[in-house]
Every structure is written in C-alpha cells, then in structure tokens.
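What follows is a set of notes on a single structure, which appears directly below.
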Amino acid sequence: MLTLSSALLLCGCGRSDAPRSVRITATVAAPVTASPPASAASSNATAASFYAQPFERKPDAAALTEMGRALFSDVALSASGGMSCASCHDPAHGFSPPNRLAVQLGGADMKQPGVRAVPSLKYQQDTPPFSEHFSDTDGDDSADQGPTGGRGWDGRASSAHEQAAIPLLSPFEMANTDSAAVVARLRRSASAARFRQTFGEHVLDNESLAWNGVLLALEVFQQSPADFYPYTSKYDAVLRRQATLNDAERRGFQLFEDPAKGNCAQCHISIIKRGAFPQFTDRGLIALGLPRNPQIPANRDPAYRDMGLCGPLRSDFAAQADYCGLFKTPTLRNVALRGSFFHNGVIHTLEDAVAFYAERDVHPEKFYPKGRDGRTAKFDDLPASAQANVNTEAPFDRHPGDKPALTKREIADIVSFLRTLTDGYDGHDLQRERASATSSIKPQSNVLAKKATG
Ligand code: HEC
Ligand code: HEC
C-alpha cells in the first residue's frame, strides 16, 4: 500500500536534510508578501517536517488524490463561499481561467482584483524548487542556468503544498484570515466527512494537522497524471509516431526551433530529453520587458511595479537589481486554451503573443505607449535601472528599421504549431474544435475586464 512517504516520492521534493521543527504555516502565513525560506537547506527541513505529519490514518496516493480533487473545487473553503481553486484554474481550460480577464476577481466580496494573470497548473510536476544557480544534474549540461524553478511567476513557493496556502489566505483570492479559518470552514463543508475518512476521525480537532492535510491533498491531486500531465496532445501523438503535423504546423515547428527565426525552443523545450517528453519550458526566470498593463487596477498607482523575482510579491531579492523584471518561463502546453498571456495578461491572442517576440524591438510602438517626450516608452513597466535586465537574444536581437525575425505568415504558422500542444487529441483533426474551445471564452468577458479597472 502507498503511504504518505510515497506521496513524498511522487512530488519529487523528498531530498531532505536533518528535519527541523519548522511548520509550513510559518513560511506561508502572510499572503502576497509571502517569502520562501531563506535557503535550500531550510526549505528541505521545512518540507521534511511537513511530510512527517502524524496523521491517525495513512492515506494512500489514490485517497489523497481524490481528497485533493474534492478540495480543489470546494467553494466552501473560501470566505465568499463562491470561489474555489477551480474558479481560476478551470480543468476545462487546462487549469487556466475560463475568461479573458488579465487578473481575476476574488476576496470575501468577489470584487477584489488580483495582480497577476493566472498560470496553467498543468505540466508542473517536475518543477524544481527555486534556485539562483540552477544546473541540470546531467554531466554534459552543468553550466549555471541562473535563477530557475519555484512556483508562481516569481518562483516564490518552493512546493505545491506551500503554494496552495497562498490563494487560500490571499485577501484577493479565497480570503481566509488564517489557516484556522480554513479548517473551521472545512469542518462545516461537505468535504468534512471525506476528510475524516482520509486522515482520521479526529483530524479536524487539530488545526495545524488539518491545515497540513488540506495542503498535502491539494499537492498530491496536482500530481495526478490523468488530470495534470496526460501527454495527449497532437504533438505528443507525433512524438509517438502516431500522427503527423500538417504543413502549417510543420513550418511552425521549424520556425519554433530555428535559432535564427523564433528561437522559441531555447527556453520552451520542445524535444524529448533523457527519455522524458518535453514540458515546453526550462523553468528559467527571464525578463522579456512586457508592456505595463493598465487593465490591472494595482497599476493605477504609478509607484507600483510588479518586478517578479525582485518583488514586491517576494521580498528576499528586493536588493538584487539584476533580478528585477524576471518572471518564470511558463509551459506552452495548452497555451491555446488561455485568454490572456504573460505574467500581467497584457496580451489576449496567441498571434499577438508571438508578434511580441518578432516585433518588440523592430516596432516597439505597436506594444508600448508614448512617453512624455513623445518617444515610445519601451519597457514602460520597468524602472530605467532594470531595463538592462531585459533579454536581447534572438529574436530580440534587432533594432527599428531591421526586418522582423518572423513574417505575419510565419507567426500564423507558429500559432498553428502551438495549437498542437492542446491535450485531448483523439487522432482526428481537432483544429475546428480547438478553435471553438478558444472562442467559448466569450467577448463579453472584455466588458468584465473594463469593469475590473473602472
Ligand atoms: C482568484 C484566482 C485564484 C484562485 C482562486 C487560485 N489561484 Fe492559483 N494562482 C493564481 C494566480 C494569479 C497565480 C500566479 C501567482 C503569482 O505568480 O504570484 C496562481 C498560481 C498558482 C500556482 C503556481 C503555478 C506556477 O506556474 O508556478 C499553483 C500551484 C496554484 N496557483 C494552485 C492553486 C490552488 C491549489 C488553489 C486553491 C487552493 C488556487 N491556486 C486558487 C490565481 C488563483
Ligand atoms: C529567452 C527565453 C524565451 C524565449 C527565447 C521565448 N520565450 Fe516565450 N516566454 C518566456 C518567458 C520568461 C515568458 C514569461 C514572461 C512574462 O510573463 O514576463 C514567456 C511567455 C510566453 C508566452 C505566454 C504564455 C502564457 O501562458 O502566458 C507565450 C505564448 C510564449 N512565451 C511563446 C513563445 C514563442 C512562440 C517563442 C518564440 C518566438 C518564445 N516564447 C520564445 C521565455 C522565452
């Protein structure tokens, strides 16, 4: 029988040093400003004590998965009574939002806007904890790849259980005042009976134990292959030699790979590596210099800047100027199911997202507003001191007057290829169905977007 320790193995975070008695709540209790533990060693110690929880019952991975599945969509765990993890991470949209809003509304009154776009939760199973100097353990690839990993756009949570605490306690998400409030809501919810069945009859009498049970179940659910990493896209069928790309998709794939054209695969890994199917991300944190998004209400304050790795949502690198503007490279799997792109959701179509790569430096006026001096204010979401951090490798290696790295037709081809990354391919040409899945994100959401800023 699988036990808690096998759940530990499943999540890949079992590398533990000497356990220290640090409760997970200590590192994640403060929403928004939550900082990860100071060092990898203390992170490991925290993880070790988290997994060492003495539950009355030892649930197996299947029981934990089903418990987590129930909690993931249980609106009773929110202060509003109307929001669950699935409200923002909708399974029908690749665990991304079911609308085009740049940021979602939450809180006790369901009117509090968030500050970042909601990422997909799929294909996160092998995300390593954040590290400043990441290198693949493999001998031939041991160069320092810089800041890599962690959960969230800035990598500030080191595991899925640590991450799960953030939305439960964030005032603009599920808005519980503390972990005790979550457990109190759980006691009264329809999930209570299953929770006792899973962890033991008395688990809900022990607040810290019950809280950790919630986080553990949510973590293990997010490791369920059928839900989170099924590898059922057309591209996966192609890798298994069970399907072939059509002409546009094949051209798109070649442009995606070509270092002189899209150069996308440099960060969005696209080929089988060491026997593992590609996740379309190397989990690296990189600055792309996206335009400031006026649709995010927090941005009405000109002094507010979301600079990712250097803050303000994480605070441990506030003094590290060369980390300002860095955000985690997301997976591109299921990206066609998303209605807003990049950490601030400033772009709303895949065509525009790819055009940003091709034209950011050639036609910056297409993306950035004019500054007071009448000139295009490139990288307007970063202070001048951080603009040097922005990536300038291909296709970002051009200047006004140069030819864009990709033509309109080539951008369309890359988009065709990206649409082969949507799970649920059944051997037929799903192009049409995919298109309708995307258009089920109704334009009326744009009205909501305006409301969110007004
Ligand atoms: C109101 C919308 C909302 C709700 C509800 C919500 N999330 Fe999220 N989630 C987000 C946003 C926004 C981010 C990105 C946060 C950041 O980068 O600071 C995120 C990030 C994540 C991540 C990190 C993904 C990555 O790319 O590293 C995980 C894991 C996650 N959420 C799990 C959950 C779970 C589990 C729940 C329920 C307990 C939940 N979320 C509820 C909005 C939401
Ligand atoms: C140097 C690394 C790098 C390269 C090269 C790169 N990307 Fe990205 N990509 C990123 C990072 C980092 C982000 C997130 C940036 C942010 O939100 O601030 C991202 C985000 C995206 C997104 C938004 C996904 C989402 O869920 O919001 C799309 C789409 C995308 N990339 C497509 C591409 C394509 C197509 C190419 C090639 C033309 C490409 N990328 C090349 C690093 C890279």
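Applying the selection to region 94-113, what residues are within 20 Å of Ile347 (Cβ to Cβ), among the small types (Gly, Ala, Ser) and surrounded by fewer than 24 Cβ atoms within 10 Å (Cβ to Cβ)? Within region 94-113, none qualify. Out of curiosity, is Pro312 within 15 Å of ligand 1 (Cβ to nearest atom) and touching a Pro at 6+ places or on another chain (Cβ under 6 Å)? No: the conditions fail for Pro312. Only one of the listed residues (Ala165, Ala175) is buried (at least 23 other Cβ atoms within 10 Å of the Cβ) and touching a residue at least 12 places away in the same chain (Cβ under 8 Å). That residue is Ala165. Tallying residues that are outside any helix (DSSP H, G or I), of a type in the set (A, V, I, L, M, F, W, C) and out of contact with any helix residue (DSSP H, G or I) (no Cβ under 6 Å at 6 or more places or on another chain) within region 159-203 yields 3.
Scanning region 329-344 for residues that are among the β-branched types (Val, Ile, Thr), touching a helix residue (DSSP H, G or I) at 6+ places or on another chain (Cβ under 9 Å) and in a loop (DSSP other than H, G, I, E, B) turns up just one, Thr331.
Pairs meeting the criteria (first residue in region 45-63 and surrounded by fewer than 19 Cβ atoms within 10 Å (Cβ to Cβ), second residue in a loop (DSSP other than H, G, I, E, B) and β-branched (Val, Ile, Thr), beta carbons under 8 Å, at least 6 apart or on different chains) are Ser49/Val22; Lys58/Thr3; Asp60/Thr3. Does region 332-341 contain any residue that is more than 16 Å from the chain's Cα centre (by Cα) and in contact (Cβ under 8 Å) with a residue 24 or more places away in the chain? No, there is no match, as no residue in region 332-341 is more than 16 Å from the chain's Cα centre (by Cα) and in contact (Cβ under 8 Å) with a residue 24 or more places away in the chain. Mind counting the residues in region 360-376 that are closer than 23 Å to Ala298 by Cα and in contact with a Pro (Cβ under 6 Å, 6 or more places away or on another chain)? Counting residues in region 360-376 that are closer than 23 Å to Ala298 by Cα and in contact with a Pro (Cβ under 6 Å, 6 or more places away or on another chain) gives 3. In the condition set (1) touching an Asp or Glu at 6+ places or on another chain (Cβ under 6 Å); (2) within 11 Å of ligand 1 (Cβ to nearest atom); (3) not hydrophobic (A, V, I, L, M, F, W, C), Pro98 is compliant with all but (2). Looking across region 269-328, the residues that are in a loop (DSSP other than H, G, I, E, B), over 17 Å from the mean Cα position of the chain (by Cα) and of a type in the set (Lys, Arg) come down to Arg274, Arg292, Arg305. For Ser189, state whether it is under 30 Å from His343 (Cα atoms) and of a type outside the set (Lys, Arg). When the stated conditions are applied, Ser189 does not pass them. Any residue that is surrounded by fewer than 16 Cβ atoms within 10 Å (Cβ to Cβ), small (Gly, Ala, Ser) and free of Cβ contacts under 8 Å to residues at least 24 places away in the same chain - is there at least one of those in region 141-159? Yes, region 141-159 contains at least one residue that is surrounded by fewer than 16 Cβ atoms within 10 Å (Cβ to Cβ), small (Gly, Ala, Ser) and free of Cβ contacts under 8 Å to residues at least 24 places away in the same chain.
Annotation note: of Ala358, Ala353, Ala388, the sole residue that is in contact with a helix residue (DSSP H, G or I) (Cβ under 9 Å, 6 or more places away or on another chain), surrounded by 20 or more Cβ atoms within 10 Å (Cβ to Cβ) and over 21 Å from Ala102 (Cβ atoms) is Ala358. Whether a residue is free of Cβ contacts under 8 Å to residues at least 12 places away in the same chain, surrounded by fewer than 15 Cβ atoms within 10 Å (Cβ to Cβ) and of a type in the set (Ser, Thr, Tyr) was assessed, and Thr244 passes this test.
Residues checked against (1) more than 9 Å from ligand 1 (Cβ to nearest atom); (2) within 17 Å of Ala86 (Cα to Cα); (3) in contact with a Leu (Cβ under 9 Å, 6 or more places away or on another chain):
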| position | (1), (2), (3) |
| --- | --- |
| Ala165 | no, yes, yes |
| Ser170 | no, yes, no |
| Asp178 | yes, no, yes |
| Ala184 | yes, no, no |
| Arg187 | yes, no, yes |
| Ala193 | yes, no, no |
| Val203 | yes, no, yes |
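Looking only at residues in region 272-293 that are at pLDDT 95 or above and over 19 Å from Trp153 (Cα atoms), the one that is surrounded by the fewest Cβ atoms within 10 Å (Cβ to Cβ) is Phe277. Looking at (1) buried (at least 21 other Cβ atoms within 10 Å of the Cβ); (2) modelled with pLDDT under 95, can you tell me which one Gly371 breaks? Condition (1) is where Gly371 drops out.
Inside region 66-78, residues that are within 11 Å of ligand 1 (Cβ to nearest atom), over 23 Å from Asn334 (Cα atoms) and not charged (D, E, K, R) make up a count of 4. For region 130-158, residues that are modelled with pLDDT of 95 or more and either away from ligand 2 (no atom under 16 Å from the Cβ) or on the phi < 0 side of the Ramachandran plot (or both) total 10. A single member of Ala298, Ala321 is away from ligand 2 (no atom under 13 Å from the Cβ), touching a residue at least 40 places away in the same chain (Cβ under 8 Å) and touching a Phe, Trp or Tyr at 6+ places or on another chain (Cβ under 8 Å), and it is Ala298.
The values are calculated or read from the model by the stated rules, or taken from the named source; none is laboratory data. This structure is a prediction, so every number in the text was calculated from the model and none was measured. Positions of Cβ are backbone-derived with ideal geometry, glycine not excepted, and every protein chain shown enters the neighbour counts.
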